[in-house]
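See structure below.
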């Protein structure tokens, strides 16, 4: 985008068309690399949301009775249409959010894969079961409100929409208002896919207006939300009045356990990669690094050596590992946690407060590692959502498992070690929704979601589709 160009968006996507906003509040989209305005978006309000819900409800009367084969065809069209905009989606993520391109491109590819993965799962699912005089079927829950977060908005929108389409639900999406440009590219792509009217509706707006209307409106049967614990709790509380079904993915404080047989030259760079994933702005980021007490000094040296592979800079540069925080608010939040770490008695090994030299214009910060952290310190308990790593020493495998599980969160975890059987044994005792062994990896059919305060329910593959379904049984007497 030319430096002086400011895009303007005043429409939402309702009932198969771009419709002018009833809401009048305008929000600036700020580029995090230099704090400049790059777009202005007119935010939707309750009336826009009600119009979108009404369109989704009308469409569900037909789409809710569609066959799996019909839905599979729609998923294939959505996959093709989204694939055609892969470069635009990557560029939007880098420009609007400051996501480093080495992360943004794979995230966009994973987002596109969500449609083909949902199609595969849909074809393999058993939609009807019969025994004796009983027939059990899986039925779409109805109209679904999909509320997404700013840190990987493209992925969240595609993942939730793909699962809902596969299940036979119609949707109203409230993307993060901070991700309006990414959402716009997606909606344009999906419009080109030629979906039946009303299946897809997208309203850009704030949580206290658009999000709140989705949660309280009786015509919305399901909420799928990715975001903070506090908002997730309010969705559960407010949605109870209309018996909303909910899926909540609420973040984490993920542990990475380095075993005493690990090759530190390989394990530490892998651990730092998980800690600084998406510039630390990732719910799965491994922000607690558990290492053997007897190897702490060697781990310190390995971290200092490995930090050279994690340069901060322009997110569009493929060599950059850590980009800016998404906003001034997020930058200030992460800086406050660095101060808390210092005040709490942790030892600052690398990084610290302030901007990296030469990167004062945007929301850049120094990747920071604390050592001699105890698991009861604030920086080890609370989700920081920035490139801040806490190194915690342990004395035995059992001690490592205890520390890893001593958290309100349970979304993701990792075990790094040479003896795979041992790593598997430890992984099986971790209270986390997904555990990886010897590096970050993904499987689009594997369930994704958390234990404890990391949320409720699961996404991806058949698990994600089932979250939008209700079982129904028909029993015959004669």
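Here are a few things to note about the model shown:
- In percent, rounded to a whole number, the relative contact order of the chain is 18, using alpha-carbon pairs under 8 Å and six or more apart.
- Spin-label model, residue 229/residue 261: points 7 Å from Cα along the beta carbon direction are separated by 3.5 nm.
- Separation of alpha-carbon centers, region 112-161 and region 253-299, rounded to whole Å: 34
- Sorted by Cβ density within 10 Å, fewest first, the residues 274, 377: 377, 274
- With Cα atoms, 0 to 90° folded angle of helix 101-124 axis to the chain main axis: 40
- Label-point separation in nm, residue 20 to residue 317, each point 7 Å along Cα→Cβ: 4.6
- Cα gyration tensor shape of the chain, rounded if a/c is under 1.5, else prolate or oblate by comparing a/b with b/c: oblate
- Per-residue ellipticity at 222 nm from helix content only, as computed over the chain with -39500 (n - 2.57) for each DSSP H run of at least four residues, stands at -11500 deg cm²/dmol.
- Length-normalised contact order for region 84-202 - Cα pairs under 8 Å, 6+ apart - percent: 29
- Computed over region 255-444: relative contact order in percent, which uses C-alpha pairs under 8 Å that are six or more apart: 27
- Proxy reagent accessibility, fewest Cβ within 10 Å first, across 395, 48, 406: 395, 406, 48
- For residue 422 and residue 131, the difference between the fully extended length at 0.36 nm per residue and the C-alpha to C-alpha distance is 100.5 nm.
- The Cα atoms of region 96-223 give a gyration tensor whose axes a ≥ b ≥ c have a/c of 1.5 or more with a/b no greater than b/c, which makes the shape oblate.
- Prolate/oblate/rounded label for region 255-444 (Cα gyration tensor, a/c 1.5): prolate
- Separation of region 30-76 and region 397-453, taken as the distance between their Cα centroids, equals 34 angstrom.
- The gain in end-to-end length when the residue 305 to residue 347 segment is fully stretched comes to 13.4 nm, 0.36 nm per residue minus the alpha carbon separation.
- Against the chain, whose longest principal axis comes from its Cα atoms, helix 229-239 is set at around 20 degrees.
- Highest average packing first - 201-208, 165-172, Cβ atoms within 10 Å: 165-172, 201-208
- Between helix 180-192 and the chain there is an angle of about 40 degrees, using the helix long axis and the longest principal axis of the Cα atoms.
- Footprinting exposure proxy ranking of 235, 338, fewest other C-beta atoms within 10 angstrom first, gives 338, 235.
Read-outs throughout are calculated quantities, based only on the coordinates presented, and are distinct from any laboratory measurement. Small disclaimer: the values here were computed from a predicted structure and weren't measured. FYI the Cβ positions are ideal-geometry reconstructions off the backbone, even for glycines, and counts take in every protein chain you see.
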